[in-house]
Amino acid sequence: MSDPVFFAPSRRFNADEVAALTGATLLTPDYASNEIVTLAQADRGGKGALVFVDGKRNAGMLAGVEASVLLCSQDVAALAPAGVAVLVSRHPHRDFSMIGRLMFPAASRPGAMTGETGISPAAHIHPSALVEAGAIVEAGAVVGPDAQVGEGTIVGPNAVIGPSCRIGRGGSVGAGAAIQHALLGNRVIVHPGARIGQDGFGYVPGAAGLEKVPQLGRVVIQDDVEIGANAAIDRGALSDTVIGEGTKIDNLVQIAHNVRIGRFCVLAAHCGISGSVTIGDGAMLGGRAGVADHLSIGAGAQIAAASGVMTDVPAGERWGGVPAQPMKQTMRQIAMLRAMAGRNRDETKKAGRDG
């Protein structure tokens with residue numbers, strides 16, 4: 001049985017075209033016609049491959065590299081092997097990604113899994129729902145009463161769009177995803193299995209135990225947001241949960257009720273954001289970071305992976321650790337602990353010899 005090819009290039013490029021598209025400088029005009037048929041890591045490469053190397057710290061990847069075209073920074077260009085078209089770029093990784101999106105558009109934006117167009121006869125569309133022309137609703141998907149799906153959006157197999165939800169244009173709702181009590185902007189990508197708009201985790205003690213607090217808010221997701229597989233975003237209690245324009249949320253992230261995330265933020269996998277947290281524009285949270293409720297993380301702040309944020313984080317600062325604190329302070333404490341452990345180990349060994 002032959003292996004399937006999941007991503008075939010939509011077209012091929014030569015080195016000269018890559019230079020024109022990216023603004024990179026072609027240092028080897030004799031190889032301007034070198035053709036690209038695939039993308040690869042620099043240490044794997046191969047004939048017909050486009051590879052990139054960014055900075056001297058990665059210069060070792062150039063040893064023995066085989067490729068047709070190399071995108072690299074100026075400081076390593078002289079190390080490129082013979083026979084390769086060398087393109088000097090200020091942003092090699094970014095330019096490499098741009099060419100990749102042009103060559104492999106299906107890898108950048110989800111397509112219909114069943115290959116269907118329009119509304120599948122096996123989908124369930126409520127009579128009061130509006131699905132604009134050009135949208136695709138695949139087999140098993142459900143679009144509820146008064147819901148709307150915009151032109152060019154794909155609703156994958158067995159996905160559920162709840163009553164009165166609004167899904168903008170040019171987006172994607174992955175297989176098995178569920179969206180309720182939510183308004184999504186244009187070009188929003190929701191990966192398979194994500195859950196958006198379920199009730200938040202709100203309870204108060206009562207005579208018979210924990211009693212539920214009604215969750216009456218919505219989820220508002222602005223344009224160009226991407227939400228990873230099996231992520232969960234709770235609707236607000238009395239106000240809305242809001243995800244700002246261009247923010248990217250990784251797989252398995254939990255965002256609680258009333259959270260407000262700014263524009264162009266990045267949340268890596270397994271982050272947990274507690275209720276009523278505010279995250280400013282451009283903030284970045286590493287994998288498994290956790291944020292306690294009612295806190296504020298300032299614009300442009302960076303939170304290291306596996307950190308536990310217990311207090312507000314000022315704008316632009318880098319914090320890490322448990323509990324999280326400014327990164328320099330965390331690293332000093334780690335260095336002190338290592339030094340103390342080393343002294344204790346030496347003292348233990350000395351005591352053993354003296355004994």
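The values are calculated or read from the model by the stated rules, or taken from the named source; none is laboratory data. Values in this document were obtained by computation on a predicted structure and should not be read as measured data. Note that each Cβ is placed from the backbone with ideal geometry, even for glycine, and that neighbours are counted across all protein chains shown. Protein only, heavy atoms only, side chains kept; ligands, DNA and RNA dropped before computing areas. Shrake-Rupley method; radii C 1.70, N 1.55, O 1.52, S 1.80 Å.
Cβ-Cβ distances below 9 Å connect the following pairs, each with a first residue in the stretch 310-335 that is more than 17 Å from D293 (Cα to Cα) and part of a loop (DSSP other than H, G, I, E, B), a second residue that is open to solvent by 50 Å² or more (accessible area, probe 1.4 Å) and of a type in the set (S, T, N, Q), and a separation of six or more residues or different chains: G316/Q302; E317/Q302; G321/Q329; G321/Q333.
R218 meets each of the listed conditions (1) surrounded by 19 or more Cβ atoms within 10 Å (Cβ to Cβ); (2) within 22 Å of the chain's Cα centre (by Cα); (3) of a type outside the set (A, V, I, L, M, F, W, C) apart from (2). Filtered by the rule that a residue be crowded, with 19+ Cβ neighbours inside 10 Å, in contact with a helix residue (DSSP H, G or I) (Cβ under 6 Å, 6 or more places away or on another chain) and polar (S, T, N, Q), the stretch 81-135 gives a lone residue, S89. The condition (being free of Cβ contacts under 8 Å to residues at least 12 places away in the same chain, of a type outside the set (S, T, N, Q) and either open to solvent by less than 10 Å² (accessible area, probe 1.4 Å) or farther than 18 Å from D293 by Cβ (or both)) is satisfied by just one residue among G185, G200, G209: G209.
Being touching a strand residue (DSSP E or B) at 6+ places or on another chain (Cβ under 7 Å) and open to solvent by less than 10 Å² (accessible area, probe 1.4 Å) is the filter here; which residues of the stretch 235-248 pass it?
The answer is T241, I243, G244, T247.
Scan the stretch 1-26 for residues that are among the aliphatic types (A, V, I, L, M) and surrounded by 18 or more Cβ atoms within 10 Å (Cβ to Cβ) and jot them down.
Answer for the stretch 1-26, where residues must be among the aliphatic types (A, V, I, L, M) and surrounded by 18 or more Cβ atoms within 10 Å (Cβ to Cβ): A15, V18, A19, A24, L26.
Total residues in the stretch 31-50 satisfying the condition of being open to solvent by 30 Å² or more (accessible area, probe 1.4 Å) and either modelled with pLDDT under 95 or within 27 Å of the chain's Cα centre (by Cα) (or both): the figure is 7.
Selection of the stretch 262-313 for residues being under 14 Å from the mean Cα position of the chain (by Cα) and either within 20 Å of D223 (Cα to Cα) or modelled with pLDDT under 95 (or both) yields R263, F264, C265, V266, L267, A268, G282, A283, M284.
When every residue of the stretch 238-250 is checked against the conditions, at least one turns out to be of a type in the set (K, R), without any contact (Cβ under 8 Å) to a residue 24 or more places away in the chain and within 27 Å of A289 (Cα to Cα).
Scanning the stretch 314-324 for residues that are under 22 Å from the mean Cα position of the chain (by Cα) and of a type in the set (A, V, I, L, M) yields a single hit, A315.
When A306 is tested against (1) part of a loop (DSSP other than H, G, I, E, B); (2) open to solvent by 90 Å² or more (accessible area, probe 1.4 Å), only condition (2) is not met.
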